[in-house]
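To keep things clear, I will list the structure first and then write my remarks on it.
Each reported figure results from applying straightforward, stated rules to the coordinates on display, with no laboratory input. These figures come from a predicted structure and were not determined experimentally. All Cβ positions, even for glycine, are placed from backbone atoms using ideal geometry, and neighbour counts span all protein chains on display.
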Amino acid sequence: MADKISFYGLSGSGKSCYIFAMSQALSQGIELDDEELMTVITPEPRQMLKLYKAYEKMVNGYWPHGTDTSVTYNFNVRKALELLMKVDITDYRGGLLDSDDEDDEDEQSKLFKSFSDSSALIFFFGADKVKAAMNGDMMARFNFQHFNALYESYLETSRVKDTPVMVVLSKADMLTAEEKMKAFEFIKNQMRQLFAKGTRCTVGLTAVSLGHELTNNYGELEGVLDVRATSGNLSIPILFSLFQIMSKRIESTIGQIENSEKSLYNSKVALNNELSRNSFIRIFDNNEARIREQINRCNAAIGEDKNLLHRLNSSLAAIKKYLLSGAEIYIDGNKIMI
Ligand SMILES: Nc1nc2c(ncn2[C@@H]2O[C@H](COP(=O)(O)OP(=O)(O)OP(=O)(O)O)[C@@H](O)[C@H]2O)c(=O)[nH]1
Ligand SMILES: [Mg+2]
């Protein structure tokens, strides 16, 4: 089954454009620290076409229209051609998040429910709005309150309380390096609920952009579009999510190995008991073959799981370095250093 990554952001915060650009960037693949290529590609030709067409439109100088229906994209993540995992990325229509229209209630409640089965929550804030909020714009500031309330609703309704969150400062090309640093501090301050110590949360903060000096003039795209795999931190929100999904998988694989080792131990004890039984009785009631089969099965499962664990651990190490070069990551309020 695919893991789920959910993107939330007000209308115009850049979610769809990010997905269109990311899907082009990551289909080319990124070379990780271990020199292996990681690719994120949709296995569905129609979706591939839809993503490509949207990108092509941008190349031809037009921004895509806002999203009026939420869309889920399916992606396969491969490292050196081996399928690491399948992920579904849901791009909720932005208008939904802050709509008070009664007609939107059903879809809205689906959005709120999506918190609980998502492996990572990605919050989008456009640089234009963050800049306005920093300059005192009340509505733009309210945007942060809105997300804090959204997170509160996740805490209240979700069974798991430690889903990692990445805050994405999108359209980062609108900011100078200094403004970007200030924006990071501002975001961390506005979202203390996530970034403060004692929260036990894993939280990431990154800035993404689709190019340089991009502007929107009545729908026309001007500036330099750059969706190379290593540009504009396009891979970072995805790598952050994968890092979490893989960490969880490592935990569960370790648990599986421990269980198989316990069964192996029990089977070995059973074999010893069997072999020490009276040989005359064993002619009529012999369990040796069955127990040996059990032992072989445990050994095979342990072997397979140890192989998987090794592969997951080495992929995780390769992703970690790349991730930390493009994002600030905090665990329980402490910044993780390379
Ligand atoms: N400068 C700059 N502008 C961007 C970038 N990405 C998106 N934009 C601008 O932001 C606008 C909105 O982007 P969308 O991706 O459509 O926003 P959305 O969050 O999907 O909005 P809804 O579909 O309404 O939820 C675009 O039309 C562009 O004008 C970027 O990287 N840099
Ligand atoms: Mg959209």
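So Phe20 passes all but one of these: (1) within 15 Å of ligand 2 (Cβ to nearest atom); (2) in contact (Cβ under 8 Å) with a residue 60 or more places away in the chain; (3) buried (at least 20 other Cβ atoms within 10 Å of the Cβ). Which condition number does it fail?
So the condition that Phe20 fails would be (2).
Would you confirm whether any residue within the stretch 32-39 is surrounded by 20 or more Cβ atoms within 10 Å (Cβ to Cβ), within 16 Å of the chain's Cα centre (by Cα) and within 16 Å of ligand 2 (Cβ to nearest atom)?
no
One line per residue, one yes/no per condition, for (1) crowded, with 21+ Cβ neighbours inside 10 Å; (2) of a type outside the set (Asp, Glu); (3) more than 19 Å from the chain's Cα centre (by Cα):
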| residue | (1), (2), (3) |
| --- | --- |
| Ala2 | no, yes, no |
| Ser13 | yes, yes, no |
| Gly29 | no, yes, no |
| Thr42 | no, yes, no |
| Met48 | no, yes, yes |
| Gly61 | no, yes, yes |
| Gly66 | no, yes, yes |
| Ser70 | no, yes, no |
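Please work out which residue is surrounded by the fewest Cβ atoms within 10 Å (Cβ to Cβ), limiting yourself to the stretch 303-324 and to residues that are under 16 Å from Leu242 (Cβ atoms), touching a residue at least 40 places away in the same chain (Cβ under 8 Å) and aliphatic (A, V, I, L, M).
Applying the filter and picking the extreme gives Ala317.
Which of the residues belonging to the stretch 124-168 are among the small types (Gly, Ala, Ser) and either under 23 Å from the mean Cα position of the chain (by Cα) or surrounded by fewer than 20 Cβ atoms within 10 Å (Cβ to Cβ) (or both)?
Of everything in the stretch 124-168, those that are among the small types (Gly, Ala, Ser) and either under 23 Å from the mean Cα position of the chain (by Cα) or surrounded by fewer than 20 Cβ atoms within 10 Å (Cβ to Cβ) (or both) turn out to be Gly126, Ala127, Ala132, Gly136, Ala140, Ala149, Ser153, Ser158.
Looking at this structure, is Glu107 of a type in the set (Asp, Glu), under 23 Å from the mean Cα position of the chain (by Cα) and loosely packed, with under 12 Cβ neighbours inside 10 Å?
no
Residues are listed down the side, and each one gets a yes or a no for (1) in contact (Cβ under 8 Å) with a residue 24 or more places away in the chain; (2) in a helix (DSSP H, G or I):
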| residue | (1), (2) |
| --- | --- |
| Arg277 | no, no |
| Phe280 | no, yes |
| Ile291 | yes, yes |
| Ile295 | yes, yes |
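So, of the residues in the stretch 170-221 that are away from ligand 2 (no atom under 16 Å from the Cβ), of a type in the set (Gly, Ala, Ser) and surrounded by fewer than 19 Cβ atoms within 10 Å (Cβ to Cβ), which turns out to be farthest from Ile331 (Cα to Cα)?
Result: Gly211.
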